[in-house]
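Undergrad: Supplied in structure tokens, the structure appears directly below.
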Amino acid sequence: MTNTGATTIERLAGIVGASHVLTSAADVAPYVVDWRGRYHGAARAVVRPANTSEVAAVVRACADAGVAIVPQGGNTGMCGAATPDASGSEIVLSLSRMRTIRAIDRANATITVEAGVVLADVQRAAQAEGLLFPLSLASEGTCTLGGNLSTNAGGIAVLRYGNARELVLGVEAVLADGSVWDGLRGLRKDNTGYDLKQLFIGSEGTLGIITAAVLKLYAAPRTRVTALAAVADVARAVDLLRLMQQSLGDRLTGFELISAFALHLSQKHHAGSPDPLPGHPWYALLQVDDSADVALAGMVESALAGAAESQIITDATIAQSQEQAARLWALRENISEAQRREGQNIKHDISLPISAIAPFAAATQAALVSAFPGARVVVFGHLGDGNLHYNVAAPEGTDARQFLANTPQVNRIVHDRVVAAGGSISAEHGIGQSKRDELAHYKSPLELALMRRIKTALDPQGILNPGKVL
């Protein structure tokens, strides 16, 4: 290290202002624990720059001193990517002050925002212009755009609009030496060499720090229908997905699978939750949108009636108001928080070919219950794009923290079957530190070598979010 710790802190204070360099234990504490409470770290300081120039200057100062940087947005991640290690030598670079919406171009259907803008605020800014930014997550009231891009977030509308990387036209990023790459281009066609922005999207702050982005906007829906259907098993949920796609085309925006146990947890930990279709083993939650004034409710009702006649569904209900629709979606969106309140569990964020999901679910649950009698599997997720949150909770009455000791064995049961089916061990939450060893286990040596070459080329000192992903 070329400077003393005090000199580095003083230099950082000179860049962002002393009040935005947090060093006391009480001030630092919220930034060094992840949302799930699974990872606890320490930090030399939390630095809160206000703009890209300050981010660049902070990175240059840290590069000069050999100090590692952990970028952080809303701190809502699931894999510990934004949590520093326990050494106390790293700084947390919080982008939460960078909340400017720089431009909205209605004719080009784009919005340019800084990394610290909360996702819900991006949605509202688009809505105010009669447009839609479709990225939507349960944490959208607190997660930030920079974090969403750093993990290539998914959410409920991937079926129609794609993951975060498909919603980005350009980015601005600060590199490991403090230089700023301005790639804020709102072009849908640009074949001038490598698509550099894609290096930073999904890299979890290990290759560069995204400070702003140009995002795609779409026509806002004028009609929207939300429905909940009960099905006997996962295979019928897949059949329902296929039927609804055939009947409604790309109007089908979201298609969520929810197990009865996942629904039970959501209702248990959120008083006043509705129970519209009690007593079924599996549920599908559908959202259908159209940007034109069409008789959408009738189309959905007809499609569901056809599903009932074909014995694909056993019951269904259609929300009759926006309030009812919001309450149905809250059942789904509250599951993660309900699990947190219930106690820690072994989480998996997996993706599979949709055709493989039903046999995977049956075989994997049988294997888990055989290996860990009484284990409770909490299954929910985005069936429409093949992404399941496949979580394993301790048997009733068993200490949840003690059950976490079984994580390696549980991971092997789940992930081996995912990979054998042609799937991925991370669909939308990233790798962070929680899946770093799993990534090394399943990626080919060549893939890992290529990733390391890129990391070394862009961050030769290894100061950007060390110990994450690789």
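Nothing in this text is a laboratory measurement; each read-out follows from the coordinates by a stated rule. Only a predicted model underlies this, so the values are computations on that prediction, with no experimental measurement involved. Here the Cβ is made from the backbone with ideal geometry for all residues, glycine too, and neighbour counts use every protein chain on show.
Undergrad: For residue 127 and residue 341, compute 0.36 nm times the residue count separating them, minus their Cα-Cα distance, and round to one decimal in nm. The partial results should precede the final answer.
TA: Details: separation 214, 0.36 × 214 = 77.04 nm, distance 3.31 nm.
Going from the current span to full extension adds 73.7 nm.
Undergrad: I've got another one for you. Past 31 Å, Cα to Cα: identify those pairs from 216/468; 347/443; 268/443, in the order given. Display every interim value, and only then the final one.
TA: Values: 216/468 29 Å; 347/443 20 Å; 268/443 39 Å.
Beyond 31 Å between Cα atoms: 268/443.
Undergrad: Another question, if that's okay. Quick one: order 222, 417 by neighbouring beta-carbon count within 10 Å, fewest to most.
TA: Going from sparsest to densest Cβ surroundings: 222, 417.
Undergrad: Moving to a separate point now. Using the beta-carbon distance between residue 400 and residue 271 and R0 = 25 Å, what value does 1/(1 + (r/R0)^6) give for FRET efficiency, to the nearest 0.05?
TA: Between residue 400 and residue 271 the formula returns 0.70.
Undergrad: What is region 101-219's relative contact order, in percent, from Cα pairs under 8 angstrom and six or more apart in sequence?
TA: Details: 231 pairs, mean separation 38.8, N = 119.
The normalised contact order for region 101-219 reaches 33 percent.
Undergrad: Quick one: Cα centre-to-centre distance for region 312-365 and region 261-304, in angstrom?
TA: Centre-to-centre (Cα) distance: 11 Å.
Undergrad: Same structure again: Note the full-extension length gain between residue 449 and residue 412 as 0.36 nm times their separation in residues minus their Cα-Cα distance, in nm to one decimal.
TA: On the way: separation 37, 0.36 × 37 = 13.32 nm, distance 2.31 nm.
So the extension gain works out to 11.0 nm.
Undergrad: What does the C-alpha gyration tensor say about the overall shape of region 223-336? Classify as rounded when a/c is under 1.5, otherwise prolate if a/b is larger than b/c, or oblate. Let's see the in-between values first.
TA: Values: a/c = 1.97, a/b = 1.27, b/c = 1.55.
Since a/c reaches 1.5 but b/c is at least a/b, the shape of region 223-336 is classed as oblate.
Undergrad: Follow-up. Which residues in region 238-261 have a backbone N closer than 17 Å to a point placed 7 Å from the Cα of residue 309 along the Cα-to-Cβ line?
TA: The answer is 240, 243-248.
Undergrad: Compute the long axis of helix 119-128 from its Cα atoms, compare it with the longest principal axis of the Cα atoms of the chain, and write down the angle in degrees, 0 to 90, nearest 10.
TA: So the inclination is approximately 70 degrees.
Undergrad: Report, in degrees rounded to the nearest 10, the 0 to 90 angle that the Cα long axis of helix 234-248 makes with the longest principal axis of the chain.
TA: 90
Undergrad: Separate question: Ratio of Rg to Rh for region 47-191, alpha carbon only, Kirkwood?
TA: Numbers: Rg = 15.8 Å, Rh = 16.1 Å.
Value, to two decimals: 0.98.
Undergrad: Could you work out the helix-only [θ] at 222 nm for the chain, with each DSSP H run of four or more residues adding -39,500 (n - 2.57) and the total divided by the number of residues, to the nearest 500 deg cm²/dmol?
TA: On the way: 17 runs with 169 residues, N = 470.
Counting only the DSSP helices, I get -10500 deg cm²/dmol.
Undergrad: So who's got an amide H within less than 5 Å of the one on residue 45, skipping anything under 5 residues away but keeping other chains? H placed 1.01 Å off N, in plane.
TA: 92
Undergrad: For region 89-168, just say rounded, prolate or oblate: build the C-alpha gyration tensor, square-root its eigenvalues into a ≥ b ≥ c, call rounded for a/c under 1.5, and beyond that prolate if a/b exceeds b/c, oblate if not. If you can, show how the numbers build up before the last one.
TA: Values: a/c = 1.98, a/b = 1.34, b/c = 1.49.
Judged from the Cα gyration tensor, region 89-168 comes out oblate (a/c at least 1.5, b/c at or above a/b).
Undergrad: For a test of the definition: using alpha carbon positions, the gyration tensor, and the 1.5 limit on a/c, classify region 5-94 as rounded, prolate or oblate.
TA: Because a/c hits 1.5 or more and a/b exceeds b/c, region 5-94 counts as prolate.
Undergrad: Sort 333, 323, 114 so the one with the fewest other Cβ atoms within 10 Å of its own Cβ comes first.
TA: Details: 333 20, 323 9, 114 23.
By the 10 Å Cβ count, ascending: 323, 333, 114.
Undergrad: Between region 369-446 and region 143-212, what is the separation of their alpha carbon centroids in Å?
TA: 27
Undergrad: Restricting the count to DSSP beta bridges whose residues both fall in the chain, what percent are antiparallel, rounded to a multiple of 5?
TA: 85
Undergrad: In which sequence would 197, 268, 435 go, from the one with the fewest C-beta neighbours within 10 Å to the one with the most?
TA: On the way: 197 23, 268 12, 435 26.
Fewest to most other Cβ atoms nearby, the residues stand as 268, 197, 435.
Undergrad: What full-extension length gain, to one decimal in nm, is calculated for residue 7 and residue 223 as 0.36 nm per residue of separation minus the Cα-Cα distance? Don't skip to the answer; put the middle values down first.
TA: Details: separation 216, 0.36 × 216 = 77.76 nm, distance 5.84 nm.
71.9 nm is the gain from fully extending residue 7 to residue 223.
Undergrad: If the cut-off is a Cα-Cα distance under 19 Å, which aspartates and glutamates reach residue 189, setting aside same-chain residues fewer than 8 apart in sequence?
TA: 105, 166, 172
Undergrad: Counting residues in region 343-428 as N, plug N into 2.2 N^0.38 Å and put the Cα Rg over that result.
TA: Details: Rg = 12.3 Å, N = 86, 2.2 N^0.38 = 12.0 Å.
Here the Cα radius of gyration is 1.03 times the empirical estimate.
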